[in-house]
Amino acid sequence: MVFSLIPDLISCCDIRFVAVVNKAMSERFGKLVSSAEVLLPELPWPQEFEKDKFLKPDFTSLDVLTFAGSGIPAGINIPNCRLVFMSSWVMEVASSLSSMVRAGLLGLEFYTPESKSWRQVIHLPEAHMQARFVILRVLLEAGEGLVGLEEVTGQDGKPDARITLDRSKIGTVGKNAIHRFLCKLQVFKSTADVEGGRALYEGYSTVSDTGAHNFLRLRKTVLLRKEARKMFVQANTRISGK
């Protein structure tokens, strides 16, 4: 059973799954964890903004046989009895930058103009939509033709939107944009500047009808083009014979 930690929101969802340990994959990720102290200096911020001593997490890869819950996550963090893990969660990272950009636009569905707020339900897809929209805004702000977003008219004569991504600029313009944004967030985090971090994040997640893109109008287009929510049916695994 997982409960939401978001203030002024009480919700819970029941999650159950059956899985087996993937020893080979666990070993590979174990080696990655062991290399963390070598990789950490490559992060886009100075060592002073990291903890004095890196706490290596325990990692076990699980192959899920069946998953029962209100949604199917791309990945999940299972707490390992440390308080810091019991009180936090890990967001999954989209499979590619292009899907992240698209998800950021589609995430406008979960913005409520009347209250000027994002709907949040922990451990469900909605919980990540605001963050994806923020990433979309960061990449659009980078400019230089990395990401394009324009309002168009669909073949059915109704409003639509077109997103373009220049893959040749992902490793340069895109990387630098994320680099700068992560540095800002890490500085606010390391200096315990809650107000500064909140202002930065809420600034990028603001949805308005001003600026280079009319996101309020694009939200209406997203709702107009909304597809029926997918329903997943998972198979039952049984042992047959010896």
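Taken together, the values in this text are just the output of simple stated rules run on the coordinates, not laboratory data. As the structure is a computational prediction, the values presented were derived from the model and not from experiment. In this analysis, Cβ positions are derived from the backbone assuming ideal geometry, glycine residues included, and neighbour counts consider all displayed protein chains.
What to note about this one:
- Taking amide H positions as modeled 1.01 Å from N, with prolines and chain starts lacking one, the residues under 5 Å from residue 117 and 5 or more places away or on another chain are 112.
- J(HN,Hα) series, the range 97-111, from Karplus relation 6.51 cos²θ - 1.76 cosθ + 1.60, nearest Hz, glycine and proline x: 5, 5, 5, 5, 5, 5, 5, x, 6, 5, x, 4, 4, 9, 9
- Under the Karplus curve 6.51 cos²θ - 1.76 cosθ + 1.60, θ = phi - 60°, whole-Hz ³J(HN,Hα) for the range 204-220, x wherever Gly or Pro sits: 6, 9, 5, 10, 9, 9, 10, x, 5, 10, 8, 6, 5, 6, 5, 4, 4
- Couplings for the range 25-37, taken from phi via the Karplus curve 6.51 cos²θ - 1.76 cosθ + 1.60 with θ = phi - 60°, read 5, 4, 5, 5, 5, x, 5, 5, 4, 5, 8, 4, 5 Hz in order; Gly and Pro are left as x.
- For the range 135-242, the list of GluC sites (Glu not before Pro) that fall in a loop by DSSP and count at most 15 other C-beta atoms within 10 angstrom reads 144, 227.
- Placing R0 at 45 angstrom, the Cβ-Cβ distance between residue 112 and residue 191 gives a FRET efficiency of 0.90 after rounding to 0.05.
- Potential extension, residue 206-residue 152 segment - 0.36 nm per residue separation minus Cα distance: 17.2 nm
- Residues whose amide H falls under 5 Å from that of residue 65, counting only those 5 or more places apart or on a different chain, are 18, 19, 20, with hydrogens built in the peptide plane.
- Computed FRET value (nearest 0.05) for residue 225 with residue 37, which takes r as the C-beta separation and R₀ as 35 Å: 0.15
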